[in-house]
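Okay, structure first, notes after.
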Amino acid sequence: MIMDTQPKIPSQGKTLANGHKSPTERPKPMGPGLGKMESKMAAQTARPTAKLPPPGEDTERAERIRERARTFIMPVIAIFFLCLFWEIYSSRAGVTLPGPIKTVTESWKLIAHPWFDNGPNDKGLGWHLLSSLQRVALGYSLAAVVGVFLGIVIGKSAMAFKAFDPIFQVLRTIPPLAWLPISLATFNQANPSAVFVIFITAIWPIIINTSVGIMRIPADYENVARVYQLKGSRYFFKVMLPSAAPYIFTGLRIAIGMAWLAIVAAEMLTGGVGIGFFIWDSWNSSRMSDIIVSVFYVGMVGLVLDRIMARIALLFGSIGD
Amino acid sequence: MSDPVAEKIAENEAKFVDISGVHKLFGSGKKRYHALAGVDLRIGKGEFVSIIGHSGCGKSTLLNLVAGLYLPTTGSVAVNGKEVTAPGLDRAVVFQSHSLLPWLSVLENVLVAVDSVYPDKPKEFRLAEAKRYVEMVHLGAHIHKKPPQLSGGMKQRVGIARAFAADPKVLLLDEPFGALDALTRGSMQDELTAIWEKNRKTVIMITHDVDEAVFLSDRIVLMSNGPAATIAKVVEVPIPRPRTREALLEDSHYLAIRKELLQYLIGTGHAAAA
């Protein structure tokens, strides 16, 4: 919506579309409503002044391009130096950690062919990641459904919130790996245990954010619902859900990151296919370079998941705009 | 005049809104706050009554009691002979902060009320009805816009359309134009009188604005300062309708009432309220 209010210069349309945050991007949810409106007003009032001086536009554009270039070049420089130090460190005597060059050459098969399949014990990284993503998808979806439901129940009742909030505050700090023995003891099977670990790791931020979102439905909207007799499903879909949406999606975004954090721990003991198991297996067979490549992939997938969730949150979380 | 039914109706209409012996306390123990103390007010059917007073004098509390958003601690509030126990469509509120649902369009915001009034009518009928009210406040061109895209005056007009769409018996306006600039406020007042002249709903309006109160009302209720606020004075406004601003300036009652109200407000404290 904010993008629509920007002047449509063709070149600028492109830069906005490629995923860079526009400076007017709305702030994270605080009190839903006001903050968003203000930032939006700012965007609208800023428009005429930005358009006004035609001679100044060129220098402004050049400045924008320079700024963009800096955001690309600076990380590249940083990565180069990191790799350089890594190479220097690992080339010293007695260090078993392979350097970047050795990692790439030794694990080239993994990097170049993510989709090879030589039977159940020798698959490409793509298959491992896909299998892990399936587990995460299952555990995360369960956490989202149960978490939003519980969050609504708890948010609607001040008593329930008082009763459960301290428990959640303790449970949410438990690291994923600590759940694994309990999970294995409960399910007696590797795969459901892994899914459960993801579920139990991801659910807390969803419950907590949803319940806070429900509790912070502005009194104004509650009064409107009471006077104009919005009840049942109409109240749920027209008042409660849109009002709490920014909070719910913030919770869902935090949760996707945590679910992905949990996957490696959850899969270490499960065996079969999965990136966590692959890392564990590589460790057991002393393939350090494979581990480094896998860890890099885990990071990239995590980043992509976070970005996707951020996009979705921006789309649905801003229903209030 | 011996027809008992007609007499009963006349009696009912004379106290269409019946507030009697109302006390309202908030909180308990040391934090207890006595907001309203012994408020008695009867409002006739089709009457336009304004409530005026300093900030914190319990005006909004009184309005919320009629709306059913609060319940009186003691005493009773009745509308059309029925005790008020909960909010309802027969007492529509135009909120001070417009309180539109920002994720719904202008039409959908009005439809919220229409859907509640006619849950069993077909969708087309409800849409047409909502459109009619949007056009009544001259927002036909902005029917699909969302509230953040509207100006303050437009938002408040949607709030008014929503209230009228509930087809209430009593319309409750809580400082409806308080947040608007003077020019917009003037045109909104004109619009409100024009709509009111057509259907003569019973209206209770809270305001800070003496001129607004005189221009719109049949009676003006002056509240004393809180805590334990009550009705200090009721001023009749015998200016003939329909009223226009030009005619108002030359009306002999106008200046006298205006002076009376201002003297009361200044006398009871803060000159700022004038």
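For A:Tyr247, the conditions (1) over 30 Å from B:Asp115 (Cβ atoms); (2) under 23 Å from the mean Cα position of the chain (by Cα); (3) surrounded by 22 or more Cβ atoms within 10 Å (Cβ to Cβ) are fulfilled apart from (1).
Residue by residue, here is whether (1) of a type in the set (A, V, I, L, M); (2) part of a strand (DSSP E or B); (3) at pLDDT 95 or above holds:
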site: B:Gly75; (1), (2), (3): no, yes, no
site: B:Gly88; (1), (2), (3): no, no, no
site: B:Gln96; (1), (2), (3): no, no, no
site: B:Ser99; (1), (2), (3): no, no, no
site: B:Trp103; (1), (2), (3): no, no, no
site: B:Val110; (1), (2), (3): yes, no, yes
site: B:Asp120; (1), (2), (3): no, no, no
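Kindly provide the set of residues from the range B:130-154 that are away from chain A (no Cβ under 12 Å), surrounded by 18 or more Cβ atoms within 10 Å (Cβ to Cβ) and more than 21 Å from B:Thr193 (Cα to Cα), ordered by number. Selection gives B:His142 alone. Residues that are crowded, with 22+ Cβ neighbours inside 10 Å and at the interface with chain A (Cβ under 7 Å from one of its Cβ atoms) within the range B:63-75 comprise just one, B:Ala67.
Which residue out of A:Phe149, A:Phe81, A:Phe85 is among the hydrophobic types (A, V, I, L, M, F, W, C), modelled with pLDDT of 90 or more, part of a helix (DSSP H, G or I) and under 30 Å from B:Pro148 (Cα atoms)? Just one listed residue meets the conditions, A:Phe149.
You will find that of B:His23, B:His98, B:His34, the residue that is within 14 Å of chain A (Cβ to nearest Cβ) and touching a residue at least 40 places away in the same chain (Cβ under 8 Å) is B:His98 and no other.
Taking the stated definitions as given, is B:Ser60 modelled with pLDDT under 95 and within 14 Å of another protein chain (Cβ to nearest Cβ)? Yes, satisfied. Scanning the range B:101-115 for residues that are more than 7 Å from chain A (Cβ to nearest Cβ) and within 27 Å of B:Ile43 (Cβ to Cβ) yields a count of 2.
So, B:Val84, is that one under 29 Å from B:Asp18 (Cα atoms), at pLDDT 95 or above and either within 14 Å of chain A (Cβ to nearest Cβ) or in contact with a strand residue (DSSP E or B) (Cβ under 7 Å, 6 or more places away or on another chain) (or both) or not? When the stated conditions are applied, B:Val84 does not pass them.
Which numbered condition in (1) in contact with a strand residue (DSSP E or B) (Cβ under 7 Å, 6 or more places away or on another chain); (2) more than 10 Å from chain A (Cβ to nearest Cβ) is the only one that B:Ala163 fails? The failed condition is (2).
The number of residues in the range A:225-235 that are within 18 Å of B:Trp103 (Cα to Cα), at the interface with chain B (Cβ under 8 Å from one of its Cβ atoms) and touching a Lys or Arg at 6+ places or on another chain (Cβ under 9 Å) comes to 2. Please determine whether any residue of the range A:236-243 is in a helix (DSSP H, G or I) and either more than 14 Å from chain B (Cβ to nearest Cβ) or touching a strand residue (DSSP E or B) at 6+ places or on another chain (Cβ under 6 Å) (or both). Looking for residues that are in a helix (DSSP H, G or I) and either more than 14 Å from chain B (Cβ to nearest Cβ) or touching a strand residue (DSSP E or B) at 6+ places or on another chain (Cβ under 6 Å) (or both), one finds none in the range A:236-243, hence no. All of (1) touching a strand residue (DSSP E or B) at 6+ places or on another chain (Cβ under 8 Å); (2) within 10 Å of another protein chain (Cβ to nearest Cβ) hold for B:Ala78 with one exception: (2).
Results for (1) without any contact (Cβ under 8 Å) to a residue 24 or more places away in the chain; (2) closer than 30 Å to B:Asp90 by Cα; (3) away from chain B (no Cβ under 14 Å); (4) among the charged types (D, E, K, R), shown as yes or no for each residue.
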residue	(1), (2), (3), (4)
A:Ala143	no, no, yes, no
A:Ala160	yes, no, yes, no
A:Asn191	no, no, yes, no
A:Phe196	no, no, yes, no
A:Ile208	no, no, yes, no
A:Val212	no, no, yes, no
A:Asn223	yes, yes, no, no
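When the residues of the range A:282-301 are filtered to those that are surrounded by 17 or more Cβ atoms within 10 Å (Cβ to Cβ) and of a type outside the set (A, V, I, L, M), the one that is nearest to A:Pro120 (Cα to Cα) is A:Ser282. If the condition is being of a type in the set (Asp, Glu), more than 12 Å from B:Phe177 (Cα to Cα) and free of Cβ contacts under 8 Å to residues at least 60 places away in the same chain, then the range B:204-233 contributes only B:Asp211. Exactly one residue among A:Thr250, A:Thr201, A:Thr270 is in contact (Cβ under 8 Å) with a residue 24 or more places away in the chain, over 22 Å from A:Trp179 (Cβ atoms) and more than 14 Å from chain B (Cβ to nearest Cβ), and that residue is A:Thr250.
Scanning the range A:153-189 for residues that are aliphatic (A, V, I, L, M), closer than 21 Å to A:Gln134 by Cα and either in contact with a Pro (Cβ under 9 Å, 6 or more places away or on another chain) or surrounded by fewer than 18 Cβ atoms within 10 Å (Cβ to Cβ) (or both) returns a single hit, A:Leu177. In the set (1) outside any helix (DSSP H, G or I); (2) under 19 Å from B:Val93 (Cα atoms); (3) away from every other protein chain (no Cβ under 13 Å), the condition left unmet by B:Arg157 is number (1).
The values are calculated or read from the model by the stated rules, or taken from the named source; none is laboratory data. Everything quoted here is computed from the prediction, not taken from an experiment. Cβ: placed from backbone, ideal geometry, glycine included. Neighbour counts: every protein chain shown.
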